[in-house]
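Q: What follows is a structure written as structure tokens; I'll ask about it next.
The values are calculated or read from the model by the stated rules, or taken from the named source; none is laboratory data. Only a predicted model underlies this, so the values are computations on that prediction, with no experimental measurement involved. Cβ atoms come from the backbone with ideal geometry, glycine included; neighbour counts cover every protein chain shown. SASA here: full protein model, heavy atoms, side chains in, ligands and nucleic acids out. Shrake-Rupley method; radii C 1.70, N 1.55, O 1.52, S 1.80 Å.
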Amino acid sequence: MLLALNIPVWLFLPPWILPTVLTALSVLVYSFVCNFFRCPARRYKGPRDGMVVSSVDGKVVAVEKVFEPEYLGTEALQISVFMSPLNVHANWVPAEGRVEYVRHHSGRFYSAWLPKSSLENERSTVGIVTRDGHRITVRQVAGAMARRIVTYTRIGEEVEFDEHLGFIKFGSRVDLYLPADSVPLVRVGQRVVGDQTQVATLPAVAECGGDSQ
């Protein structure tokens, strides 16, 4: 599309200033899109049993106890990470286990910073049963700029760290809902890296702790 726009401008608009400006803007737009859709290959090298790892790159905007009605149906520890348009928007599997629930919800496009975006925005919910029997929820939430959520996982699949769970297009957030007595390893305002930063330990191994990166 950018080529189709630039070629006739160079051919039919003799003054070089306008074509040059348009081409420079086109290069910036193309560079932004390429940067946004990058999907790096990563390997998690930390402990795996009872560990929850960030699904995405971004900033932690919530660490609190809430009621999660859709999949868990009980009080849970919510850890939410906001992604700016400059962050990697690939989503990784946060815990190893089996996918038990996948559902997409149509909704609004409030700013992903707002707490109500978790329940009112366009979103996709994935429920995972970990290998030690815990149930966790991963919710991909669209933001004011996001218009499409892609979820790769399917019910019945076995998932592991390093696998991609999905992709959210433009600014958005991912909410993790864990058993209420899980131990958080991150704080609000902290920067995290998808498939690398440990964000919580599940109850059975909470006493073992862990270092967030």
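Q: Consider the stretch 51-77. How many of its residues are open to solvent by 10 Å² or more (accessible area, probe 1.4 Å) and either within 15 Å of VAL126 (Cβ to Cβ) or β-branched (Val, Ile, Thr) (or both)?
A: Matching residues across the stretch 51-77 total 7.
Q: Is it fair to say SER26 is outside any helix (DSSP H, G or I), polar (S, T, N, Q) and surrounded by 12 or more Cβ atoms within 10 Å (Cβ to Cβ)? So that I can check it myself, show each step before the final result.
A: Numbers: outside any helix (DSSP H, G or I): no; polar (S, T, N, Q): yes; surrounded by 12 or more Cβ atoms within 10 Å (Cβ to Cβ): yes.
For SER26, the condition - outside any helix (DSSP H, G or I), polar (S, T, N, Q) and surrounded by 12 or more Cβ atoms within 10 Å (Cβ to Cβ) - is not met.
Q: If I ask for residues that are open to solvent by 10 Å² or more (accessible area, probe 1.4 Å) and in a strand (DSSP E or B), which ones from the stretch 146-175 would you list?
A: Selection gives ARG148, ILE149, VAL150, THR151, GLU158, HIS164, PHE167, LYS169.
Q: Related question: Spot the failing condition for TYR44; the list is (1) touching a strand residue (DSSP E or B) at 6+ places or on another chain (Cβ under 7 Å); (2) not in a loop (DSSP other than H, G, I, E, B), and only one is missed.
A: Going through the list (1) touching a strand residue (DSSP E or B) at 6+ places or on another chain (Cβ under 7 Å); (2) not in a loop (DSSP other than H, G, I, E, B), TYR44 breaks only (2).
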